[in-house]
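> Mind having a look at this structure? Questions to follow.
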Amino acid sequence: MFNVMKENCPYQNWTSVARERCPNPLNFHCLKDEFGRIGWVCREPIWVEHDRCPVFNVGAKKLDSTSCSQTRCPPYSYRSNDVDVEYACRYIMNKESSTTPFTTKETETNKNNIGIIVAMTVLTLVAIIVFVAGIVIYKRRQQSSKNNGKRQEESKDLMEKTDTETPNAVKTPNNVFHKAKNCLIQKRMVVITGVQGSGKTFLAKSLVNDLQKDGNKKNSVWICKLDQLQQVPSENVDIFILEELFDELQLYDKFKETLTALNTFLGNVEKAYLIITIPSFTWTEHGYEFDVKFDKVLVDLDRREESEKLTILEYLKEQKKVPSKVSEKLNELQNELLVTSVDDIGFPALVSWMCNQQNLEIIEKCLCCPLQTIKDEISSIRNAKTAEDRGKFLVLAYMCLKGGTIDIRNVDISFFNYLKKRYAPKVEDRDLAKYCDGMVGYYLLTYQDGCYEIDLNIIKKIVCDSLAEDGTFFDDNYRNNYVSEEITFFPADFNEYFQYSTLM
């Protein structure tokens, strides 16, 4: 049954509304019918082709689609209840469309009257638009330098993890940091969702830093493994950060075990702040199984406003000191970059990776298929013919399995040599510093002499995936928690090595 609504579709609290109205929340839809009325219905999702929008055919009692006649139409196929679809297919209440069918019979007199009214309206609008455009252009030219300075300040505030407090900051949060901070202040808990590279870890660290600023000492504990979660929480901890407990490759049984442990843990926490990160895939597939209170403290990093995306873009261009040709290319792609929805990589990671590029064709390719572009590059250095490129992959593999960092003065020699024998036997140990320095500003960051860390978490995941593709290598904990059923082969020599090594 199609249930007509007198309000907008509930995009801001989609999950909670879906739970209330549908036995299976994944079947909840909010869309228009053939008469232009907005309503909700519980139906199995269908696939909608690009440049089309979903509708519900009341007469046929089924989901259907109609052509999208506006700008910013979906450029890809998507599920009919995908709330992340481009804005043109989002349904906002309009008094005329809620009561008027798509096609109506009118008399010739009415048609003529409408034609005259439309013509006069168009002429009036054109005159107004020309006048307003002239004023806007004039003001923008006069204030361009002032606006540029303001954008740079906003970028620094966002990325340096500091925010200038305003009286209304908590009441009217205007970006993901303020929204998350608002949840912590009011509910002492925030749930952060997002695809890989969306900035979940960064936001969690920013919130911890904010709680500890101005000399306000608070003990914080990061919980990243199931066995840690299954322990009784300490009363001396002020902030718990629960991260990487859920994974896209997790089997359902492992997900349920982790969720049960999480609920028990939360029940034992009395006063501490709680920061929980959950991958978008896990939340989309199993969101209805989490406690309903999660909906009220949810911050979705995949739905940043365009103004916030622009702030991130401007900051990263400045921080990475991108060459002029790269900056010009990013400016050329800016509008498309700000409105494009990417399902497999977060906006901050995408922009950061694009800023690292020197090849303009690669930048455009990143916008079309970013994750595959990065995977192809990792694969190319892994299978390269030169010792230098293979040496880079060797370093990345070592770092990924050692927490994402390396101190070239304190390397696990036996483990490093084991990897070297497998992936880059011709690499000389004395060249380790050269390989690391050669990746700074691209794959790596350096935080002190001889110490390096991987720039983007998504690089770590892709390298780990590369190691797992041929059944090569995971530590026992990673294998038990995250590897899918299809990956079952682990060479005997690796298993033997694990008995004598301490990877973590």
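None of the figures in this text is laboratory data; all of them are computed from the coordinates on show. Just so it is clear, the structure is predicted and the values come from calculations on it, not from any experiment. Cβ coordinates were reconstructed from backbone atoms using ideal geometry, including for glycine residues, and neighbour counts include every protein chain displayed.
> Convert each backbone phi in segment 340-351 into a coupling constant with the Karplus relation 6.51 cos²θ - 1.76 cosθ + 1.60 (shift: θ = phi - 60°), then list the ³J(HN,Hα) values in order as whole Hz, x for Gly and Pro.
6, 9, 10, 8, 10, 8, x, 4, x, 5, 4, 5
> May I pose another question? Where does each of 256-263, 193-200, 352-359 land if you order them by average Cβ count within 10 Å, highest first?
The densest-packed peptide leads the list: 193-200, 352-359, 256-263.
> What nm distance separates the two modelled labels at Asn268 and Arg409, each placed 7 Å from Cα along Cα→Cβ?
Label-label distance for Asn268 and Arg409, simple model: 4.0 nm.
> Oh, and also: Cβ neighbours within 10 Å, averaged per peptide: list 45-55, 224-234 in order, most packed at the top.
45-55, 224-234
> While we're here: Compute the length gained on full extension between Tyr11 and Gln334: take 0.36 nm times their separation in residues and subtract their Cα-Cα distance, giving the result in nm to one decimal.
That works out to 113.7 nm of additional length.
> Please give, to one decimal in nm, the separation of the simple spin-label points placed at Asn417 and Lys256, each 7 Å out from Cα toward the Cβ.
Label at Asn417, label at Lys256, 4.7 nm between them.
> Whose amide H sits under 5 Å from the amide H of Leu242, counting only residues 5 or more places off or on another chain, with H placed in the peptide plane?
HN-HN under 5 Å from Leu242: Ile223, Ile275, Ile276, Thr277.
> What is segment 176-303's relative contact order, in percent, from Cα pairs under 8 angstrom and six or more apart in sequence?
Reported relative contact order: 42 percent.
> Could you sort the peptides 395-404, 60-69 by per-residue average Cβ neighbour count (10 Å cutoff), highest mean leading?
Ranking, from highest mean packing down: 395-404, 60-69.
> What spacing in nm lies between the two simple spin-label points modelled at Gln358 and Lys426, each 7 Å away from Cα in the Cβ direction?
2.2
> Once you have the Cα-Cα distance between Asn24 and Asp376, take 0.36 nm times their residue separation minus that, and quote the gain in nm to one decimal.
Fully extending the segment from Asn24 to Asp376 adds 122.9 nm.
> For a quick check: with amide H placed at 1.01 Å from N, whose amide H comes under 5 Å from Asn8's, ignoring anything fewer than 5 positions away on the same chain?
Those qualifying (amide H under 5 Å, at least 5 residues apart or on another chain) are Met93.
> Provide the gained length on full extension for the span Cys369 to Ser341, in nm with one decimal, where the gain is 0.36 nm per separating residue minus the Cα-Cα distance.
Extending this stretch completely gives an extra 8.9 nm.
> Classify segment 176-303: rounded, prolate or oblate, from the alpha-carbon gyration tensor (a ≥ b ≥ c, eigenvalue square roots; a/c under 1.5 rounded; otherwise prolate if a/b is larger than b/c)?
Oblate is the answer for segment 176-303, as a/c is 1.5 or above yet b/c matches or exceeds a/b.
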